[in-house]
Amino acid sequence: MSTKTSHSSSGAPLSDQCVITREITVAEGLFAPGHLGELTQIVPFEMVDAALAETGASQQRLRKLPARVVVYLLLAAALFEECGYLAVWRKLTAALDSIPVPKITGTALWDARTRLGVRPMRALFDLLRGPASAIRTGGARWKGMLTVAIDGTYLDVPDSPLHRARLGKGSNQYATSGYPQICLTALVACGTRAVLDAAFGPRSRGETVYGKRLMRSVHQGMIVLLDRGFSGNPFLSAVADTQAAFLARISAARKPPVLARYKDGSFLSRFGAIEVRVIECEITITTSQGRQTGLYRLATSLLDHHRYPASDLVKLYHQRWEVESAYFEIKKTMLGRRVLRSKTWAGIAQEVYALLSVYQVLRIAIADATETVPGSDPDRASFSIALQTARDQVVQAAGVIAGTTIDLVGAIGRAVLDHLMPTRRLRVSPRAVKRPLSRYAYKSLKIDRRTYKATLNIDILTPTISP
């Protein structure tokens, strides 16, 4: 399909005109609205059709909204979280005015999403997070091991009777408050922030329950970074059973026995049936506003203190914050801290899988782009720029099908590479609630939101022997 547009300046008529001709290539007929702009090259028609066939969700007869088109609609909705599904449909078809596009109602979209179900979206996410994705997204390696992190976060869902009955709400001695929430736990590659696996469900079950479901994707050759919430003996045993190494922060209340001391300051201990090395350290952060000192205790399954010195492990643990950055990109940059749309549990599951899939696709596009520049770190790529450019490509229906000349970077990659951020510097800022229940209480806290350049000093502490 080709479109021609004539542009001229306002005011007096000019004899010269600029005629822009743009060719748009999409699927044929009723399948034309099924695309994701340039990201369709990462999530091609064949991949979506394979997910539909695997789950038995392919349509038995051709409808105005084929199953493939509904999948792309859900994915596009993750790019345009501020829009309802009808508005997302208009964005998918905005550049298709030269071909007949069926008129769709909100009820038709609801019926189509209900008919599709959750399984195709889960299958598509499994395809995107699988081995091919792991190869493309690479990742930071530490002493030959892929550095990954597991952590949980919470997403708000609509305050409907159905969700309240299933998920409950937060409460205190006076009343209930806020929105019902789901818990999302993810396994993230620290080098690229790509999601290698994820599980979610009611918040009441806890993040470690969903974390254990991720063990299917944890294997030998990984080092898993864990926060204190995942440092219990059952969870550490589950990680150890996969033959992966772990590095976890442990509670100060825990009193591990000192079985042997090592020259690097760490000591041998035991958590249940697992032998671990424990590292106690003091970290001092110095800024123009003063100094702040904190005590950290880490436990690792890497027992060789010569190959894995305590100081190196302490520095490595900082990489755990990459999973927090991934959650920030999903919850703030993509969702804009909004409540999820659907008032049914199946709809919430569809939306979460679509959100994770689109996040993963953007991460793959960023990794593909930065790999073309030797020495370029994915940390320097702006996720916001990638997201905004991907939105533009959807509205323009641009790059849906690759041309005869292969473009390894694409419009999204060029936008990212043209606006690479500076190399990350060590900076600190206070941790505080971004969306308090009361704006008046928030004002009275007088929290300093500024960030400061910092210097870091690490001291390994010598343990005292338990009686």
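Neighbours of A27 by Cβ distance under 12 Å: Lys/Arg scored +1, Asp/Glu scored -1, total -2. Among the GluC sites (Glu not before Pro) in the range 52-136, those placed in a DSSP loop whose Cβ has at most 13 other Cβ atoms within 10 Å are E82.
What fraction, in whole percent, of alpha-carbon pairs in the range 183-226 exceed 17 Å separation? Above the 17 Å cut-off, the range 183-226 has 30 percent of its Cα pairs.
With respect to the cross-link table entries K103/K331; K91/K331; K103/K332; K212/K255; K91/K332, which display a Cα-Cα separation exceeding 30 Å? List each step's numbers first, then the result.
Details: K103/K331 32 Å; K91/K331 22 Å; K103/K332 33 Å; K212/K255 25 Å; K91/K332 22 Å.
Beyond 30 Å between Cα atoms: K103/K331; K103/K332.
Averaged over its residues, the range 204-303 has an accessible area of 47 Å² per residue, based on protein heavy atoms and a 1.4 Å probe.
Classify the range 221-332 as rounded, prolate or oblate from the Cα gyration tensor: take a ≥ b ≥ c as the square roots of its eigenvalues, call it rounded if a/c is under 1.5, otherwise prolate when a/b beats b/c and oblate if not. Oblate. Electrostatic bookkeeping for E351 treats Lys and Arg as +1 and Asp and Glu as -1; over the other residues with beta carbon under 10 Å from its beta carbon, the sum is +1. For the range 305-422, the fraction of 1.4 Å probe accessible surface lying on carbon and sulfur atoms is 54 percent.
Other residues within the sphere of radius under 12 Å centred on the Cβ of V48, judged by their own Cβ, net out at -2 (K and R +1, D and E -1).
The values are calculated or read from the model by the stated rules, or taken from the named source; none is laboratory data. Everything quoted here is computed from the prediction, not taken from an experiment. Virtual Cβ from ideal backbone geometry, glycine too; neighbours counted across all protein chains shown. The accessibility values were calculated without ligands, DNA or RNA, using every heavy atom of the protein model including side chains. Shrake-Rupley method; radii C 1.70, N 1.55, O 1.52, S 1.80 Å.
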